[in-house]
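Participant: Structure in structure tokens, see below.
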Amino acid sequence: MKIKDNCGVFGIYSNKDCVRDILQGIHLLQHRGQRYGGVATYNKKNGIRIITHRGWVEQKEQDHAFRSEEIKELRANFGIGHVSLKDRQPFLPNIKFNAGDFTVGFSGKIINAQRLRNMLKKEEGLSFNTDIGIIAQLIGRHSDIPSGIEQIYKQIKGSFALTVLTGEGIYCARDPYGLKPLILGNRDGTYAGASESRALQNLGIPLRRDVLPGEIIFIDKNGFKVLKKLKGKRRAYCAFEWAYIASMDSIIDGIPVKRARLNLGAKLARRDRIKADLVAGVPMSGIGHALGYHYESGIRYDDVYLYNRYSDRSYTPLEQKARDAIAKIKLSVIKDSVKGKRIVLCDDSIVRGTQIREKVKELKAAGVREVHVRVASPPLMAPCDYGLSTRSYRELIAINMSIEKIRRYIGATTLKYNALSDFVEAIGKPADELCLKCWTNEPVF
Ligand code: SF4
């Protein structure tokens, strides 16, 4: 079992029809949310138009994919897109707002949702069950969007990256701690923002800069305009972005994800004196760590798993059993590469231990002599409160077992994790600017 991020946001103001760019943008963020995809655009004739689907964004010839008539219907020069693990967005509730018509894409988590729900019910007589509903309601009761977003900064305890679409343009905002990433880019007449830089880079949009924690930025045909800079008590960039969540071709808050993963792998290798025939990563997020280990140790790198690209065209099922079955089809062991070998197997983290245990079992069944598991992040000691698909304390194996017990449970020959100090150093940001709650159990606020 892997922890998963909940959502990815995207917004673009272009000098031409932008719908296909939005679809490509959210497709490039698919690793941040696989259950729903949605697009909202604005044009003068139709106002705001939203279409959402269950499933992956690019699923040609399937009835839940974005069809050509829908793409035509959405035609506009500006809009936002969203991928999600939990609900359909962009969100447009069926009520009249003071702020006028708008729709929101949100990535993050509201911790004090119940308190806000009660307050809104009492004051407005309305109550939404979802975080995105609360956000829309908080924004909508103000006369303009920036004041509404400012209220979110003041009232919400939690993390967020937001895109808000109106008839004038797009607002982008990031929580004052910087827990959720958001980056801007532009190219002659096109201005865009996205949860990760890969969505912009792969659209040929050069990166401009990260949205700073606490900033509210407006995007229209004139470019980016900073409307507000709200101060947080501290910065707390999610350290897991570099170790696991973000794609390896992204740059998060100035640090390339690949560079951080190579550093993490190198740190693991520096503490090791084992003899092995090859080093490999558990795809996909273990690959960068394995490469870093290989560069540092000089031990040969090889792929031991084949990634089955034809297994991609499926929903992410809700049941763990079905997800495990898909995981098996996705990765198969390349027996010829591993038979009789001593392998260093790198992974980003261990949650419950069931997945890495399965991987070790498969390698042993294929004739591997030794499997030395190396984990880029320190043992997970707390669930995430700020937007990852959270597991309870009970499910985290490192809370319940010593490292030696975990080793025996997963069947590895040896098992080592990166120390927290090495982990932080490898990422390259000071510890007091990172959220490290997964490992220290110290909340950000
Ligand atoms: S608790 Fe963990 S996953 Fe959540 S924001 Fe902090 S470091 Fe990231």
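Participant: If the requirement is being more than 17 Å from Ile219 (Cα to Cα) and either touching a strand residue (DSSP E or B) at 6+ places or on another chain (Cβ under 9 Å) or among the hydrophobic types (A, V, I, L, M, F, W, C) (or both), which of these qualifies: Gly100, Gly108? Can you show your working first?
Facilitator: On the way: Gly100 fails: either touching a strand residue (DSSP E or B) at 6+ places or on another chain (Cβ under 9 Å) or among the hydrophobic types (A, V, I, L, M, F, W, C) (or both).
Residue meeting the stated conditions: Gly108.
Participant: Of everything in the stretch 194-236, what is outside any loop (DSSP other than H, G, I, E, B) and without any contact (Cβ under 8 Å) to a residue 12 or more places away in the chain? Give them in sequence order.
Facilitator: Quick first cut of the stretch 194-236, residues outside any loop (DSSP other than H, G, I, E, B) only: 194, 197-201, 207-210, 215-220, 223-229.
Answer for the stretch 194-236, where residues must be outside any loop (DSSP other than H, G, I, E, B) and without any contact (Cβ under 8 Å) to a residue 12 or more places away in the chain: Lys225, Val226.
Participant: Tyr153 fails exactly one of the following numbered conditions: (1) aromatic (Phe, Trp, Tyr); (2) in contact with a strand residue (DSSP E or B) (Cβ under 7 Å, 6 or more places away or on another chain); (3) surrounded by fewer than 24 Cβ atoms within 10 Å (Cβ to Cβ). What is the number of that condition?
Facilitator: That leaves (2) as the condition not met.
Participant: Could I ask something else about it? Answer with yes or no whether Ile251 is outside the structural domain of Leu29 (by TED's automatic domain parsing), more than 22 Å from Val351 (Cα to Cα) and touching a His at 6+ places or on another chain (Cβ under 7 Å).
Facilitator: Values: outside the structural domain of Leu29 (by TED's automatic domain parsing): yes; more than 22 Å from Val351 (Cα to Cα): yes; touching a His at 6+ places or on another chain (Cβ under 7 Å): no.
No: the conditions fail for Ile251.
Participant: Still on this structure, I have one more. Could you pull out every one of the strands (runs of 3 or more DSSP E) wholly within the stretch 324-412 that has 3 or more residues that are over 22 Å from Asn441 (Cα atoms) and aliphatic (A, V, I, L, M)? Please lay out each step first, then the result.
Facilitator: Working: elements: 331-333, 342-347, 370-375.
Answer list for the stretch 324-412: 342-347.
Participant: Give the residue, chosen from Ile134, Ile145, that is at negative phi and touching a Ser or Thr at 6+ places or on another chain (Cβ under 7 Å). Explain how you work it out, then say what you get.
Facilitator: Working: Ile134 fails: touching a Ser or Thr at 6+ places or on another chain (Cβ under 7 Å).
Only one candidate qualifies: Ile145.
Participant: Report yes if Gly100 is assigned by TED's automatic domain parsing to the domain that holds Asp175, among the small types (Gly, Ala, Ser), over 19 Å from Cys7 (Cα atoms) and in a helix (DSSP H, G or I), otherwise no. Spell out how you get there, then give the answer.
Facilitator: Working: assigned by TED's automatic domain parsing to the domain that holds Asp175: yes; among the small types (Gly, Ala, Ser): yes; over 19 Å from Cys7 (Cα atoms): yes; in a helix (DSSP H, G or I): no.
Criteria not met by Gly100.
Participant: Kindly state which strands (runs of 3 or more DSSP E) lie completely within the stretch 3-94 and contain at least 3 residues that are in contact with a Gly (Cβ under 8 Å, 6 or more places away or on another chain) and surrounded by fewer than 22 Cβ atoms within 10 Å (Cβ to Cβ). Explain how you work it out, then say what you get.
Facilitator: Details: elements: 7-13, 36-43, 47-54, 78-84.
Result: 47-54.
Participant: While we're here: Would you tally the residues in the stretch 115-158 being under 22 Å from Lys229 (Cα atoms), part of a helix (DSSP H, G or I) and among the aliphatic types (A, V, I, L, M)?
Facilitator: Residues that pass the stated criteria total 7.
Participant: Tell me, which residue of the stretch 245-300 that is in a loop (DSSP other than H, G, I, E, B) and of a type in the set (D, E, K, R) is modelled with the lowest pLDDT? Before the answer, list the steps.
Facilitator: Quick first cut of the stretch 245-300, residues in a loop (DSSP other than H, G, I, E, B) only: 246-250, 253-254, 271-277, 282-285, 298-300.
Narrowing further to those that are of a type in the set (D, E, K, R): 249, 253, 271-273, 275, 277, 300.
Values: Asp249: 97, Asp253: 98, Arg271: 93, Asp272: 95, Arg273: 90, Lys275: 95, Asp277: 98, Arg300: 97.
Once the filter is applied, the top-ranked residue is Arg273.
Participant: So for the stretch 392-405 (the condition being under 18 Å from Ala236 (Cβ atoms), of a type in the set (Ser, Thr, Tyr) and either within 16 Å of the ligand (Cβ to nearest atom) or in contact with a Cys (Cβ under 9 Å, 6 or more places away or on another chain) (or both)), does at least one residue qualify?
Facilitator: At the first step, the residues of the stretch 392-405 found to be under 18 Å from Ala236 (Cβ atoms) are none.
Looking for residues that are under 18 Å from Ala236 (Cβ atoms), of a type in the set (Ser, Thr, Tyr) and either within 16 Å of the ligand (Cβ to nearest atom) or in contact with a Cys (Cβ under 9 Å, 6 or more places away or on another chain) (or both), one finds none in the stretch 392-405, hence no.
Participant: What is the residue count in the stretch 348-391 for residues that are within 16 Å of the ligand (Cβ to nearest atom) and at positive phi?
Facilitator: Looking only at that region, the number is 1.
Participant: Which of the residues that make up the stretch 413-442 are within 27 Å of the chain's Cα centre (by Cα), in a loop (DSSP other than H, G, I, E, B) and crowded, with 16+ Cβ neighbours inside 10 Å?
Facilitator: Asn418, Lys429, Leu436
Participant: Determine if the stretch 152-175 includes at least one residue that is in contact with a helix residue (DSSP H, G or I) (Cβ under 6 Å, 6 or more places away or on another chain) and modelled with pLDDT under 95.
Facilitator: Checking the stretch 152-175: at least one residue is in contact with a helix residue (DSSP H, G or I) (Cβ under 6 Å, 6 or more places away or on another chain) and modelled with pLDDT under 95.
Participant: Scan (1) at pLDDT 95 or above; (2) within 16 Å of the ligand (Cβ to nearest atom); (3) out of contact with any strand residue (DSSP E or B) (no Cβ under 6 Å at 6 or more places or on another chain); (4) not charged (D, E, K, R) for the single condition Gly8 breaks and write down its number.
Facilitator: Gly8 satisfies every listed condition except (3).
Participant: Let me spell it out: the conditions are (1) assigned to a helix (DSSP H, G or I); (2) surrounded by 24 or more Cβ atoms within 10 Å (Cβ to Cβ), and Pro181 meets all of them except one. Which number is the exception?
Facilitator: (1)
The values are calculated or read from the model by the stated rules, or taken from the named source; none is laboratory data. Just so it is clear, the structure is predicted and the values come from calculations on it, not from any experiment. All Cβ positions, even for glycine, are placed from backbone atoms using ideal geometry, and neighbour counts span all protein chains on display.
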